[in-house]
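Undergrad: Here it is, the structure in full.
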Amino acid sequence: MVSRSARSSPSACDAAVRAVVQRAHGASVSVAGERISGFDGPGLVVLAGVTHDDGPDQVEWLARKIAQLRILRDERSAQDEGAPVLLISQFTLYADTRKGRRPSWNGAAPGPVAEPLVADLGRALAAYGLPVHAGVFGADMAVQFTNDGPVTIILDTATP
C-alpha cells in the first residue's frame, strides 16, 4: 500500500471505509429501549461501514475528512465548532443489491475486523477535539436525530 504522505486520499485500489455523515440538531441512540448516548444541539451523525481490508490509513483519512468538512452552519466544520459526533457502526452500508431481492452483506467486514476499526475512528475523531458519542457495536439500536438542512454526505475513502 502507498503511504499516506504520497497521496491526498486513499486510492481506488485501497480498501474503502464508507460513511454517511448527516448534519443534525440533536441525536441519540437507544438499545433495548434505554438511551445510551447522544447530544443536544448542533452536531453530526456518522454511520460508518467497514470492509475486509480496511485499516489505519482509511480510518485516519475518514476522521480528518469528517472533522474538517465545512458542513455546519456558516460553512464551519465540526473541528471549528468542537461539535459532537454520534458514531454508529453500520455494516449495511456494504449491502450488495445487484442480484435478487435479498441484500448480500459479503462486502462488510466481520465483527472482529470492524469493531476495533470503528472504535479507532471514534478515537481519531476525538483527537480532532470532537466529543464522540457511540452506539453499541452489533446491538439492535434505535437512532433518533433531527437532520438539519437537511445535509447528508456520503464519504468513501476509495473516492479520489
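Undergrad: When you go through 158, 95, 114, 67 one by one, which is the residue that is of a type in the set (A, V, I, L, M), in contact with a strand residue (DSSP E or B) (Cβ under 9 Å, 6 or more places away or on another chain) and without any contact (Cβ under 8 Å) to a residue 24 or more places away in the chain?
TA: Checking each option against the conditions leaves just 95.
Undergrad: Right, another one. Let me confirm something: among 119, 95, 108, which residue is small (Gly, Ala, Ser) and either in contact with a helix residue (DSSP H, G or I) (Cβ under 9 Å, 6 or more places away or on another chain) or surrounded by fewer than 14 Cβ atoms within 10 Å (Cβ to Cβ) (or both)?
TA: From the options 119, 95, 108, the qualifying one is 108.
Undergrad: Enumerate the pairs (first residue in region 32-57 and within 15 Å of residue 153 (Cβ to Cβ); second residue anywhere and of a type in the set (Ser, Thr, Tyr)) with beta-carbon separation below 9 Å, excluding pairs fewer than 6 apart on the same chain, so at least 6 apart or on different chains.
TA: 47/89; 47/92; 48/89; 49/89; 49/92; 49/94
Undergrad: Still on this structure, I have one more. If I filter region 122-160 down to residues being surrounded by 15 or more Cβ atoms within 10 Å (Cβ to Cβ) and acidic (Asp, Glu), which single residue comes out as farthest from residue 70 (Cα to Cα)?
TA: Restricting to residues being surrounded by 15 or more Cβ atoms within 10 Å (Cβ to Cβ) and acidic (Asp, Glu), the top hit is 156.
Undergrad: Where residues in region 116-143 are of a type in the set (Gly, Ala, Ser) and assigned to a helix (DSSP H, G or I), which of them is nearest to the chain's Cα centre (by Cα)?
TA: 122
Values quoted throughout were computed directly from the atomic coordinates according to the rules given, and no laboratory measurement underlies them. Only a predicted model underlies this, so the values are computations on that prediction, with no experimental measurement involved. Because the Cβ atoms are built from the backbone with ideal geometry, glycine has one as well, and the counts that use them run over all protein chains shown.
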